[in-house]
């Protein structure tokens, strides 16, 4: 009888692999706890609307990557492709929008139908945290500082660089969107077919394109900074000032964007050159409109997620700790 293999894009966690995996979770849980984050566990599948509504009906995740099926009762359910939407759904479902702030840590499996490669799986695992309630830039810096401290506790912080950007407020993005449409429309013939389609619907997503034709144009596209309202500029200054107080080093990257309207202000990524093409190990930002998308009241929030597999690979790539001094 032919031996059965795990499904494509999945992997067994056994022996040293499992020990590294557990070490990432336990370390993150400990550091998050020192910042006051409480662990939540939400279902690995949700009503499909939880993700279709929050990730965008036309996003690649929704149209190409979600594991969606009708259960035996005829309800459409989806294996979670990410966990922020589930946490926000749980906040509303459990009546916690009146008990803010909520500081949430989580760890568990996620599912996306992607082309498997090093550091990318169809069942993958993430740690993450969500700081729900505070509207001040200090919250953004606190979430980032906690992520930095987790990387440091794992011994991999020196192999990563924090890149940050601002998405401004709604008025800032509306003005920037007009400038982007004008810029790309005048160069539409040089864009990929996918980016030409995005031009009318969501020009910010062109900035995420991996197509070399698009990337050449993106390099000279307008950035948001000239279009920031005074309020958005003050928020951006506040985030950077608080990061300095936390002692968190960063570089500004104006090409970090989020394509959905509920994102605002801070967007950030910890990136590395030690894992080849899969260079992002932790990514997040502020999403002040997401709880409202779940049926709750307008609620500010900021958070991030990090791939456990990639962090475990960084443990292998990290230089050995120096020997203790005798």
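The values are calculated or read from the model by the stated rules, or taken from the named source; none is laboratory data. No experiment lies behind these values; they were computed from the predicted model shown. Here the Cβ positions follow ideal geometry from the backbone for every residue, glycine too, while neighbour counts run over all protein chains shown.
Would you mind stating whether residue 193 is farther than 26 Å from residue 304 by Cα and touching a residue at least 40 places away in the same chain (Cβ under 8 Å)? Considered against the rule, which asks whether it is farther than 26 Å from residue 304 by Cα and touching a residue at least 40 places away in the same chain (Cβ under 8 Å), residue 193 comes out as no.
Going by the conditions given, is residue 102 within 21 Å of residue 28 (Cα to Cα) and in the same structural domain as residue 294 (by TED's automatic domain parsing)? Against the criterion (within 21 Å of residue 28 (Cα to Cα) and in the same structural domain as residue 294 (by TED's automatic domain parsing)), residue 102 qualifies. A single member of 138, 151 is surrounded by fewer than 20 Cβ atoms within 10 Å (Cβ to Cβ), touching a residue at least 40 places away in the same chain (Cβ under 8 Å), assigned by TED's automatic domain parsing to the domain that holds residue 23 and closer than 30 Å to residue 245 by Cβ, and it is 138. Within the span defined as region 286-293, every residue fails to be over 19 Å from residue 168 (Cα atoms), at pLDDT 95 or above and either not in a loop (DSSP other than H, G, I, E, B) or not assigned by TED's automatic domain parsing to the domain that holds residue 127 (or both). Modelled with pLDDT of 95 or more, surrounded by fewer than 19 Cβ atoms within 10 Å (Cβ to Cβ), under 20 Å from the mean Cα position of the chain (by Cα) and not in a loop (DSSP other than H, G, I, E, B) - does that describe any residue in region 89-108? Looking for residues that are modelled with pLDDT of 95 or more, surrounded by fewer than 19 Cβ atoms within 10 Å (Cβ to Cβ), under 20 Å from the mean Cα position of the chain (by Cα) and not in a loop (DSSP other than H, G, I, E, B), one finds at least one in region 89-108, hence yes.
With 243, 275 as the choices, which residue is in contact with a strand residue (DSSP E or B) (Cβ under 9 Å, 6 or more places away or on another chain), outside any strand (DSSP E or B) and farther than 30 Å from residue 89 by Cα? Give the derivation first.
Details: 243 fails: farther than 30 Å from residue 89 by Cα.
When all the criteria are applied, what remains is 275.
Yes/no per residue for (1) surrounded by fewer than 21 Cβ atoms within 10 Å (Cβ to Cβ); (2) touching a helix residue (DSSP H, G or I) at 6+ places or on another chain (Cβ under 9 Å); (3) at pLDDT 95 or above; (4) over 27 Å from residue 190 (Cβ atoms):
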{"site": "210", "(1), (2), (3), (4)": "yes, no, no, no"}
{"site": "220", "(1), (2), (3), (4)": "yes, yes, no, no"}
{"site": "230", "(1), (2), (3), (4)": "yes, no, yes, yes"}
{"site": "236", "(1), (2), (3), (4)": "no, yes, yes, yes"}
{"site": "245", "(1), (2), (3), (4)": "yes, yes, yes, yes"}
{"site": "251", "(1), (2), (3), (4)": "yes, no, yes, yes"}
{"site": "260", "(1), (2), (3), (4)": "yes, yes, no, no"}
{"site": "266", "(1), (2), (3), (4)": "no, yes, yes, yes"}
{"site": "276", "(1), (2), (3), (4)": "yes, no, no, yes"}
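Those residues that are farther than 16 Å from residue 143 by Cβ and part of a loop (DSSP other than H, G, I, E, B), I need them from region 250-272; list them, please. Across region 250-272, the qualifying residues are 253, 254, 255, 257, 259, 260, 261, 262, 272. Total residues in region 149-167 satisfying the condition of being farther than 19 Å from residue 236 by Cβ and in contact with a helix residue (DSSP H, G or I) (Cβ under 8 Å, 6 or more places away or on another chain): the figure is 10. When residue 170 is tested against (1) in contact (Cβ under 8 Å) with a residue 40 or more places away in the chain; (2) closer than 29 Å to residue 8 by Cβ; (3) out of contact with any helix residue (DSSP H, G or I) (no Cβ under 8 Å at 6 or more places or on another chain), exactly one condition is not met: (2).
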